[in-house]
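Enquirer: Dropping the structure in here first, questions after.
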Amino acid sequence: MGCGAQPPSDVSALVEVDELRVRFGADVEAVRGVSFSLDAGDTLAIVGESGSGKSTLAHCLVGLIQPPEASGSVQVGGHEMLGADPATLRSVRWSTAAIALQGAPFNPVATVGAQVAEPLRDRFRTSRSKARRQASALAEEVALDPSLLDRYPHQLSGGERRRAALAMALALDPQLVILDEPTAGLDSATRRDVVARVRALADQRGFALIVISHDLPDAAQLAERVMVLYAGEAVELGDTRRVIGEPAHPYSWALVGAYPVMSTTKDLRPIRGRAPDPRLVPPGCAFHPRCTQAESVCRESHPDLVESRRRLVACHFGGLKELLRAIGISKFFHGGDHEVQALDQVSLTVNEGESVGLIGPSGSGKSTLARILTGHLAPDSGRVLLGDVELEASWRGGAARSLRRRIQLVMQDPNDALSPRLTVEELVREPLDVDAVLDSEARRGAVAEMLDSVGLPCSGPFLDARIHELSGGQMQRVALARALVLRPKLLVADEPTAMLDASEQARMLTVLRERQIEMGLGLVLVSHDMAVVRKVVDRIVVIDHGRVVEEGPSQQVSVVPSSLAARRLVEAAPAFVALTELTDRQHCDERST
Amino acid sequence: MSSATHRSRLLHVGLTLLGVVVLVAVFAPLLSSHDPKAISGPALESPSARHWLGTDNPGHDIFTQAVFGARVSLAVGFIAGSLTMLAAILVGVLPALTGGFADRSASRAVVVLLALPGLPLIVLIGSLAGDSRLSVISVIAFIGIAPNARILRAQALTLRQRGYITAARGFGGGPMYVLRRHLVPGLAPLVVVGFVNWAGLAIGLEAGLAFLGVGDPTGVSWGLMLNRALNEQSIYFSGMWTWWVLPPGLAIALTVLGFTFVGVGLEPTFNPRWLRAT
């Protein structure tokens, strides 16, 4: 039951939760077996989407939910909260563990000041005037104007009420403060203030803090450790920097990608599918219907929270699977009597569902690498592994061919990539014809579905058109539909928008991203255009003269590049002058805070 | 008149011409009652009810010869055309697809063949090869190999580099699939058009060779008819040429024209962009 980041200690842990389960009614399991511990002075953020069971968990910590709904064990300050008698609960609440509930609910017929002082008066029988003085002191600590204490709750703004709730929680100087959605619904400036205040107070008073939030960035700023909840159970638990910076569980990764933050240049990445109805939680791993790397074991058996990648992850594969790994790829081309080295010991990794941008100037070797990754060119040295199977250089054999089908290539010039003799329908159907698994009716359906998904007409005369009747953008989308019809795991797009004009380029990139998310594909996008790449990819790998010169998250490489090649590419990338000034200013502001 | 309609009219005219020739060849025995090789009447007789185009020097019926000659011409055209294209595929396409040593040697062989002068060569080989019709056909087929192989090889090389071939391999298509689905349709138009053109040329060449005395002197062919006609010294002085020279000459011309028209007319069928662009 220990957590990887902390030494196991039963006696000194402030909070010890073991196999907590909460069931409402006959069929709603809000919490399905959560275990964690928290030492004095530590901070933990519990994050997840609405309905993941976070608030329910918080309520259990202060004994607001009792058996028979709750089962398992919740120990706070050495006291077992589940099944405790009222006296024990009273002694723990407010003085050991205090909670600021979601939405800062106050009694509307009493003044804020009276309510903030309530714990003091209740526990220590303090006189009204003394309590009032202490409440004012508390208000000042939470940066709340003490004169507001004489007002009624409805006369305070949301931020002020939150602070009042915080003051109330701090009244008896508890060892554990639980904040349930402290920043929800606040504007960004207020949010920033609340976060800063809480951090300062935690430092000063030294209490342990549990922050419950659906807002990942805020939670990340407040806690050293984070626990990601999905459908009532923990899927990842570890160091905040690790979990947010390099999420291991597919859900954590998807969650991080779904948040709009200034530090990401990439477009939002919605998580496909929907959070499950608590009455109908999927069997096995609850996330498997939305997971891009799910296999049959994920449906059949439930993964435990185990140590993996220096944190705890609940996944049969220990977290995101590696989809493609190229190791030490070198390639030489012989031209007459001299030899050109196109690639020199290049290594590249792509995880499931991840998109990687391969960027470099012309002649850097990126197209060569794209061809080697898709098996159309054999490297002179090095290996390419798809999952854990090595890609052979030869095409012979059924096994090699079925492996090849899982990586597809979209080429730069659709005029070359599509046969002029075939109709649109025949073109998109070709991979299915080669595969020869589906019957012709099913093939037609698959073709129509794919064409529709890339935004092209899926019936009528368009299907009988030939490529010379189509625009560049339409042709490239046909090529994309063709590449996707076999549902590959990885797509390599070699300068897919180079031959398209601006509007078609935007459309193509949008479609590419959308398809990637929906189908859970890995994507390698090869380009010379930094502006294009950074909108689409999670990570950027910079190649120059056949070598990898820089690698990192897209916001890092595209905004503060360290290598010369990357800097040149950033400068060369097209930009509207006024917009760059704006973003520069925003980045300066961000860096200074 | 637009190009497309023009071409399709040519196609129709060509097909009609060839159709007539084919019908004549097929129904030859029904069209004439004489045996082309038998002496059926007095020599050099003018056209009459019994001999529609008169008789030649030894006394054969000219009309019968003309009609049966169609069979020879068509056979020569068809066989020579097929042999040429088959050889051109073997020499031009297969090496280009496999590459390497085979490709290099084949392309050098083609270059050498192209350098040789056609007609003198054909006459030389023909006269040396002997008198059988088969050797004539072989010789005609032989000189057609190089130009067709060059065209087919160029197309095969172009096709092989195309992105959609790469893509097809990416879907798991093996070499046989690529051949069947992409290479054959890409080369077939050239093969068909080449066949049609060369068949026409072959007919003309055969006629020419027969005219020059190369080939089977006992056979029945338009060229041989011309050979005999022009050996007759008084052919032009008596108006004999109208019923002895003109018919076979016209037959040759119209047949070759028919093949050519079909060849030209077929092109749009195989080139979709051309079809729609016009």
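Enquirer: Would segment B:9-18 turn up any residue that is among the β-branched types (Val, Ile, Thr) and either assigned to a loop (DSSP other than H, G, I, E, B) or closer than 24 Å to B:Ser138 by Cα (or both)?
Expert: No: zero hits.
Enquirer: Restricting segment B:169-182 to residues that are surrounded by fewer than 20 Cβ atoms within 10 Å (Cβ to Cβ) and more than 8 Å from chain A (Cβ to nearest Cβ), which is nearest to B:Ala115 (Cα to Cα)?
Expert: Across segment B:169-182, the extreme among qualifying residues is B:Leu179.
Enquirer: So, in segment B:183-203, exactly how many residues are more than 14 Å from chain A (Cβ to nearest Cβ) and not hydrophobic (A, V, I, L, M, F, W, C)? Steps first, please.
Expert: Taking segment B:183-203 first, the residues more than 14 Å from chain A (Cβ to nearest Cβ) are B:191-203.
If we keep only those that are not hydrophobic (A, V, I, L, M, F, W, C) too, we end up with B:194, B:197, B:200.
Residues that pass the stated criteria total 3.
Enquirer: Quick one: which of A:Arg487, A:Arg421, A:Arg477, A:Arg443 is farther than 24 Å from B:Arg160 by Cβ, at pLDDT below 90 and among the basic types (Lys, Arg)?
Expert: Criteria check complete, one pass: A:Arg487.
Enquirer: If you don't mind, another one. Look at A:Gln474 and say whether it is in contact with a Lys or Arg (Cβ under 8 Å, 6 or more places away or on another chain) and assigned to a helix (DSSP H, G or I).
Expert: no
Enquirer: Taking interchain pairs and intrachain pairs at least six residues apart, which have beta carbon atoms under 7 angstrom, with the first residue in segment A:455-484 and more than 12 Å from chain B (Cβ to nearest Cβ) and the second of a type in the set (S, T, N, Q)?
Expert: Note: pairs meeting the criteria are A:Leu456/A:Gln474; A:Leu463/A:Thr423.
Enquirer: Looking at segment A:379-411 only, could you name the residues that are at pLDDT 85 or above and hydrophobic (A, V, I, L, M, F, W, C)?
Expert: A:Val384, A:Leu385, A:Leu386, A:Ile407, A:Leu409, A:Val410, A:Met411
Enquirer: What tally of residues in segment B:99-134 results from selecting those that are touching a residue at least 60 places away in the same chain (Cβ under 8 Å) and touching a Lys or Arg at 6+ places or on another chain (Cβ under 6 Å)?
Expert: 0
Enquirer: For segment A:331-347, which positions are surrounded by fewer than 20 Cβ atoms within 10 Å (Cβ to Cβ) and within 22 Å of A:Ile540 (Cβ to Cβ)?
Expert: The first filter runs over segment A:331-347 and keeps only residues surrounded by fewer than 20 Cβ atoms within 10 Å (Cβ to Cβ), leaving A:332-341, A:344-345, A:347.
If the condition is that a residue be surrounded by fewer than 20 Cβ atoms within 10 Å (Cβ to Cβ) and within 22 Å of A:Ile540 (Cβ to Cβ), then A:Asp344, A:Gln345, A:Ser347 are the ones that fit.
Enquirer: Condition (residue is over 37 Å from the mean Cα position of the chain (by Cα) and either among the polar types (S, T, N, Q) or closer than 27 Å to B:Leu159 by Cβ (or both)) applied to segment A:401-414: is it met by at least one residue?
Expert: No.
Enquirer: Can you tell me which condition B:Leu74 does not meet? The list is (1) in a helix (DSSP H, G or I); (2) within 21 Å of the chain's Cα centre (by Cα); (3) at pLDDT below 80, and all the others hold.
Expert: B:Leu74 satisfies every listed condition except (3).
Enquirer: Go through (1) in a loop (DSSP other than H, G, I, E, B); (2) within 11 Å of another protein chain (Cβ to nearest Cβ); (3) modelled with pLDDT of 85 or more and name the single condition A:Arg371 misses.
Expert: (1)
The rows are residues; the columns are (1) under 19 Å from A:His59 (Cβ atoms); (2) touching a residue at least 24 places away in the same chain (Cβ under 8 Å); (3) more than 33 Å from the chain's Cα centre (by Cα); (4) not assigned by TED's automatic domain parsing to the domain that holds A:Pro68.
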{"site": "A:Gly83", "(1), (2), (3), (4)": "yes, no, yes, no"}
{"site": "A:Pro119", "(1), (2), (3), (4)": "yes, yes, yes, yes"}
{"site": "A:Ser129", "(1), (2), (3), (4)": "no, no, yes, yes"}
{"site": "A:Leu138", "(1), (2), (3), (4)": "no, yes, yes, yes"}
{"site": "A:Pro153", "(1), (2), (3), (4)": "no, yes, yes, yes"}
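Enquirer: Further question: State yes or no: is A:Arg401 surrounded by 15 or more Cβ atoms within 10 Å (Cβ to Cβ) and within 8 Å of chain B (Cβ to nearest Cβ)? Write out each step before concluding.
Expert: Values: surrounded by 15 or more Cβ atoms within 10 Å (Cβ to Cβ): yes; within 8 Å of chain B (Cβ to nearest Cβ): yes.
So A:Arg401 passes the test.
Enquirer: Which members of segment A:485-499 meet the condition of being on the phi > 0 side of the Ramachandran plot and touching a residue at least 40 places away in the same chain (Cβ under 8 Å)? Before the answer, list the steps.
Expert: To start, the set of residues in segment A:485-499 that are on the phi > 0 side of the Ramachandran plot comprises A:487, A:495.
Within segment A:485-499, just A:Glu495 meets the criteria.
Enquirer: Need at least 1 residues that are at pLDDT below 85 and within 19 Å of A:Asn351 (Cα to Cα) per element, so show me which strands (runs of 3 or more DSSP E) inside segment A:491-593 make the cut, counting only ones lying wholly within it. Break it down stepwise before answering.
Expert: Working: elements: A:522-527, A:539-544, A:547-553.
The strands (runs of 3 or more DSSP E) meeting that bar are A:547-553.
Enquirer: Checking A:Thr56 against (1) closer than 15 Å to A:Met168 by Cβ; (2) crowded, with 19+ Cβ neighbours inside 10 Å; (3) touching a Phe, Trp or Tyr at 6+ places or on another chain (Cβ under 9 Å); (4) not hydrophobic (A, V, I, L, M, F, W, C), only one condition comes out false. Which one?
Expert: With respect to (1) closer than 15 Å to A:Met168 by Cβ; (2) crowded, with 19+ Cβ neighbours inside 10 Å; (3) touching a Phe, Trp or Tyr at 6+ places or on another chain (Cβ under 9 Å); (4) not hydrophobic (A, V, I, L, M, F, W, C), A:Thr56 is out only on (1).
Enquirer: Further question: Look through segment B:133-168, keep the residues that are crowded, with 20+ Cβ neighbours inside 10 Å and at the interface with chain A (Cβ under 10 Å from one of its Cβ atoms), and return whichever of them is farthest from the chain's Cα centre (by Cα).
Expert: If we take residues in segment B:133-168 being crowded, with 20+ Cβ neighbours inside 10 Å and at the interface with chain A (Cβ under 10 Å from one of its Cβ atoms), then B:Ala167 is farthest from the chain's Cα centre (by Cα).
Enquirer: Do you know which residues across segment A:71-80 are modelled with pLDDT under 90 and buried (at least 18 other Cβ atoms within 10 Å of the Cβ)?
Expert: Listed by number, the list holds a single entry, A:Gly77.
Enquirer: Is it the case that segment A:207-218 has a residue that's touching a strand residue (DSSP E or B) at 6+ places or on another chain (Cβ under 6 Å), touching a residue at least 12 places away in the same chain (Cβ under 8 Å), among the acidic types (Asp, Glu) and surrounded by 22 or more Cβ atoms within 10 Å (Cβ to Cβ)?
Expert: No: zero hits.
Enquirer: Given the options A:Glu430, A:Glu425, name the one that is within 13 Å of another protein chain (Cβ to nearest Cβ), part of a helix (DSSP H, G or I), buried (at least 16 other Cβ atoms within 10 Å of the Cβ) and touching a helix residue (DSSP H, G or I) at 6+ places or on another chain (Cβ under 8 Å).
Expert: Among A:Glu430, A:Glu425, only A:Glu430 is within 13 Å of another protein chain (Cβ to nearest Cβ), part of a helix (DSSP H, G or I), buried (at least 16 other Cβ atoms within 10 Å of the Cβ) and touching a helix residue (DSSP H, G or I) at 6+ places or on another chain (Cβ under 8 Å).
Enquirer: Something else now. Taking the stated definitions as given, is A:Glu246 in contact with a helix residue (DSSP H, G or I) (Cβ under 8 Å, 6 or more places away or on another chain), acidic (Asp, Glu) and closer than 24 Å to A:Leu305 by Cβ?
Expert: It is false that A:Glu246 is in contact with a helix residue (DSSP H, G or I) (Cβ under 8 Å, 6 or more places away or on another chain), acidic (Asp, Glu) and closer than 24 Å to A:Leu305 by Cβ.
Enquirer: For segment A:328-344, indicate whether the set of residues that are in a loop (DSSP other than H, G, I, E, B) and either under 25 Å from A:Ala566 (Cα atoms) or in contact with a strand residue (DSSP E or B) (Cβ under 8 Å, 6 or more places away or on another chain) (or both) is non-empty.
Expert: No.
Enquirer: A further question follows. From the set of residues in segment A:212-230 that are in contact with a Phe, Trp or Tyr (Cβ under 8 Å, 6 or more places away or on another chain) and aliphatic (A, V, I, L, M), which is farthest from A:Ala248 (Cα to Cα)?
Expert: Here the residue is A:Leu216.
Enquirer: Okay, moving on. Does segment A:440-452 include one or more residues that are farther than 24 Å from A:Met519 by Cβ, more than 34 Å from the chain's Cα centre (by Cα) and hydrophobic (A, V, I, L, M, F, W, C)?
Expert: Looking through segment A:440-452, none of the residues is farther than 24 Å from A:Met519 by Cβ, more than 34 Å from the chain's Cα centre (by Cα) and hydrophobic (A, V, I, L, M, F, W, C).
Enquirer: To continue, here is another question. Going by what's in this entry, would B:Gly219 be described as out of contact with any strand residue (DSSP E or B) (no Cβ under 9 Å at 6 or more places or on another chain), of a type outside the set (Ser, Thr, Tyr), touching a residue at least 12 places away in the same chain (Cβ under 8 Å) and on the phi > 0 side of the Ramachandran plot?
Expert: Answer is no for this residue.
The values are calculated or read from the model by the stated rules, or taken from the named source; none is laboratory data. Model, not experiment: these values are computed from the prediction. Here the Cβ is made from the backbone with ideal geometry for all residues, glycine too, and neighbour counts use every protein chain on show.
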